[in-house]
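Novice: Okay, here's the structure, questions in a sec.
The values are calculated or read from the model by the stated rules, or taken from the named source; none is laboratory data. All of these numbers come straight from a predicted model, not from anything done at the bench. All Cβ positions, even for glycine, are placed from backbone atoms using ideal geometry, and neighbour counts span all protein chains on display. Each accessible area value is taken on the protein alone, full model and side chains, heavy atoms only, with ligands, DNA and RNA left out. Shrake-Rupley method; radii C 1.70, N 1.55, O 1.52, S 1.80 Å.
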Amino acid sequence: MCQQQLSILSSEVEQKLKEKQEYFKFVTKRNATEDALESLKMQLEKKRAENAAARQQISEISHQLLPRAQKLKEAELSLLAKKKLLEKEKTEKEENIEKYREVTFSLTRNTLHLIHELGHIFKIERQIAPKGTYQEGTPPEVRWTICTFYLPHSSFEGCDEDHIAIALGYVSHLLFMLAKYLDVPLRYPLNPRCSRSTLTDTITTKGQYPLYSRGVDSARFQYAVFLLNKNIEQLIESQQDCGIKVKSLRETLPNLFRLMASLERKRKDMRGRSSNTTRRRTTSTITDSDSASRTPDVRKPTQ
């Protein structure tokens with residue numbers, strides 16, 4: 001009897017277990033899901049805390065970088081303003097350079113024109129000596145004159161003292177004016193007084209020397225002529241773009257003539273360039289006027 005009851009109970013238990021097996025699986029799955037959910041909640045809280053810390057750090061960095069960003073913005077605006085100012089100044093400088101070139105060109109041209117007029121006032125000529133002044137069978141002597149007064153090459157024996165003094169006076173006056181026009185301070189300042197001209201040695205002897213021989217020491221006169229020729233050499237060397245050199249320091253009038261001739265060539269060259277520039281500007285102006293006259297007048301039709 002007891003055995004039969006145990007068997008019945010065992011069957012009932014097994015039947016109950018089979019019936020509750022799905023429930024136990026569900027419970028087990030639910031518990032696992034709850035554990036996973038709890039783990040995810042903990043991870044979420046951890047991530048939220050990390051995000052909050054990151055936001056705090058970003059906020060602190062933003063507060064630190066904000067003044068720098070403001071300064072960079074101000075620096076950028078200042079740079080743009082300075083760039084515009086620089087471009088404006090560059091344009092003005094280019095315009096000033098062009099004006100300076102035009103003024104310099106005009107000044108040089110006017111200076112050369114004044115020197116051209118000096119050439120007419122103090123006329124230097126190359127002449128052939130008249131017959132009877134040199135031996136037959138020998139080539140005729142070439143004489144250089146200034147304002148019709150003959151001036152030999154630093155050797156004045158047998159020449160009229162007054163004529164030589166007048167010629168040297170003309171040379172000193174011409175040289176004085178050339179130095180002024182060319183803006184070249186002479187090493188040996190001149191005091192042009194016609195036939196009683198003098199010059200000063202400011203380098204060695206610190207004395208004044210006559211450019212006339214009557215009534216003065218011959219050595220002082222010769223030294224004055226030497227210093228006068230040195231002044232001519234200085235003027236020639238100051239005009240390097242003219243391409244001339246002093247062949248002989250003793251040739252007073254030939255050196256002065258070559259200097260005047262080179263400046264005259266420069267004047268003609270500048271006059272030619274000035275004419276070409278004026279012609280180009282005139283052509284450009286006419287072309288612009290023609291273009292403007294050919295432009296169609298486009299207007300809205302009246303209603």
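Novice: Go over the candidates TYR181, TYR170, TYR209 one by one and state the one that is buried (at least 18 other Cβ atoms within 10 Å of the Cβ) and assigned to a helix (DSSP H, G or I).
Specialist: The unique qualifying residue is TYR170.
Novice: For segment 201-213, how many residues are under 17 Å from CYS159 (Cα atoms) and either at pLDDT below 90 or of a type in the set (S, T, N, Q) (or both)?
Specialist: 1
Novice: Open to solvent by 100 Å² or more (accessible area, probe 1.4 Å) and within 53 Å of the chain's Cα centre (by Cα) - does that describe any residue in segment 50-58?
Specialist: So far as segment 50-58 goes, yes, one or more of its residues are open to solvent by 100 Å² or more (accessible area, probe 1.4 Å) and within 53 Å of the chain's Cα centre (by Cα).
Novice: Is there any pair linking a residue in segment 52-73 that is part of a helix (DSSP H, G or I) to one that is open to solvent by 100 Å² or more (accessible area, probe 1.4 Å) and among the acidic types (Asp, Glu), with Cβ under 9 Å and at least six apart or on different chains, and which?
Specialist: Note: no pairs meet the criteria.
Novice: So which of THR133, THR108, THR91 is hydroxyl-bearing (Ser, Thr, Tyr), at pLDDT below 90, open to solvent by less than 100 Å² (accessible area, probe 1.4 Å) and part of a helix (DSSP H, G or I)?
Specialist: THR108
Novice: A follow-up question, please. Could you grab the pairs with beta carbons closer than 9 Å, sequence gap of 6+ or different chains, first residue in segment 185-198 and under 10 Å from HIS173 (Cα atoms) and among the polar types (S, T, N, Q), second one open to solvent by 30 Å² or more (accessible area, probe 1.4 Å) and part of a loop (DSSP other than H, G, I, E, B)?
Specialist: SER197/TYR212
Novice: Could you identify the single residue in ALA69, ALA81 that is open to solvent by less than 70 Å² (accessible area, probe 1.4 Å), farther than 30 Å from GLU264 by Cα and modelled with pLDDT of 90 or more?
Specialist: Result of the check over ALA69, ALA81: ALA81.
Novice: Next question, about the same structure. Could you check segment 212-226 and list, in sequence order, the residues that are surrounded by fewer than 20 Cβ atoms within 10 Å (Cβ to Cβ) and either under 34 Å from the mean Cα position of the chain (by Cα) or aliphatic (A, V, I, L, M) (or both)?
Specialist: Passing the criteria: VAL216, ALA219.
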